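Read-outs: derived from the displayed coordinates by stated rules, not from any lab. Quick caveat, the model's predicted, so the values are computed rather than measured. For neighbour counting, all protein chains shown are included, and Cβ atoms are generated from backbone atoms with ideal geometry for every residue, glycine included.
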Amino acid sequence: MARYTGPVCRICRREGIKLFLKGERCYTDKCPIAKHHPAPGMHGATRHKPTEYAIRLREKQKARRFYGVGERQFRRYFARAARSRGVTGEELLRLLERRLDNFVARAGFATSRAEARQLVLHGHFTVNGKRVNIPSYWLRPGDVVAVKEASRDLEHFKLMRELAAHRTAPSWMSVDMDALMATVLRLPQREEVDAPVDEHLIVELYSK
């Protein structure tokens, strides 16, 4: 699947909101959004009233880029959420939160989802004792995600242990940074998902 490989700060500028795509840099004054940079392109600074369709499209793009998934994959997630018995928008976010790369980032084993995706692809994690290198792998309550034994002495994970004191993991997971292990306690509720999106607008976009 083709993936965007350009400057990620450009994406945040386009959406006009921090999507935390570049890890620790997003929390500093170096973030372009903090400097009030306009949207990219020669017409980026032009102000115009967006149409109803444009508002809903931007919300979908924000969600897609926040979680780092492609268009076709996002459509499949929405179709699955629409078939579920729960509220479609909430089920969509719950599916995205259950991705292994998102869980790794939420647990504090990586500074961003892009970094988490790379770590998973390189085979640094196990799920219930078995090596998993699929970023889109869906986790279930009771699953235990751990850093592979051979990878625990890497400088990256030593740094993650140091940064853990400044982070708080979501309440739907249990994290043991000393053991480099995290457990899915239950599925996340909407109020526990801090994704900067309005899922109702995404549902309206796909319902037309």
Item to check | Simple label model, 7 Å out from Cα along Cβ direction - ARG75 to LEU154, nm | outcome: 3.4
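Report the gain in length on full extension from ALA165 to ASP198: 0.36 nm times residue separation, minus Cα-Cα distance, nm rounded to one decimal.
Working: separation 33, 0.36 × 33 = 11.88 nm, distance 3.04 nm.
This chain segment gains 8.8 nm when fully extended.
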Item to check | In Hz, Karplus ³J(HN,Hα) per residue of the stretch 138-145 (6.51, -1.76, 1.60; θ = phi - 60°; x = Gly, Pro) | outcome: 8, 8, 10, x, x, 5, 10, 9
Next on the checklist: Which three numbers, in whole Å and largest first, are the semi-axes of the equivalent ellipsoid of the stretch 150-208 derived from its Cα gyration tensor as √(5λ)?
Outcome noted: 33, 13, 11
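Residues with beta-carbon under 12 Å from that of PRO141, excluding PRO141: net charge, scoring Lys, Arg +1 and Asp, Glu -1?
Working: positive: ARG94, ARG98, ARG140, ARG186; negative: ASP143.
Charge balance near PRO141 sits at +3.
Report the extension gain between VAL144 and ALA179 in nm, rounded to one decimal, defined as 0.36 nm multiplied by the number of residues separating them, less their alpha carbon distance.
Values: separation 35, 0.36 × 35 = 12.60 nm, distance 1.18 nm.
Full extension from VAL144 to ALA179 adds 11.4 nm.
Within 12 Å, Cβ to Cβ, of ALA179, how many net charges do the neighbouring residues add up to if Lys/Arg are +1 and Asp/Glu are -1?
Details: positive: ARG152, ARG161; negative: GLU149, ASP176, ASP178.
Net charge in that neighbourhood comes out at -1.
Subtracting the Cα-Cα distance from 0.36 nm times the residue separation, let me have the gained length for ILE55 to ARG190 in nm, one decimal. Intermediate values should be presented prior to the final figure.
Values: separation 135, 0.36 × 135 = 48.60 nm, distance 2.14 nm.
Using 0.36 nm per residue and subtracting the Cα-Cα distance, I get 46.5 nm.
Quote the Stokes-Einstein diffusion coefficient, in whole µm² s⁻¹, for the stretch 99-184, based on the Kirkwood radius over alpha carbon pairs, a temperature of 37 °C and a viscosity of 0.692 mPa s.
Working: Rh = 12.4 Å.
This corresponds to a translational diffusion coefficient of 264 µm²/s.
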Item to check | Charge dipole of the stretch 61-182 about the Cα centre (unit charges at C-beta), most positive-ward option of MET173, PHE125, GLY70 | outcome: GLY70
Checklist entry - What are the ³J(HN,Hα) values, in whole Hz, obtained from phi via the Karplus relation 6.51 cos²θ - 1.76 cosθ + 1.60 with θ = phi - 60°, for each residue of the stretch 170-177 in sequence order, with x given for Gly and Pro? => result x, 6, 8, 9, 10, 10, 10, 6
Checklist entry - Mind listing the phi-derived Karplus ³J(HN,Hα) values for the stretch 183-199, rounded to whole Hz, using 6.51, -1.76 and 1.60 with θ = phi - 60°, and x for any glycine or proline? => result 10, 7, 7, 6, 6, x, 8, 4, 5, 9, 9, 9, 4, x, 9, 9, 5
Checklist entry - Cα centroids of the stretch 76-155 and the stretch 160-208: how far apart, whole angstrom? => result 10
Checklist entry - Dipole size in debye (nearest 20) for the stretch 50-168 around its Cα centre, Lys and Arg Cβ +1, Asp and Glu Cβ -1? => result 460
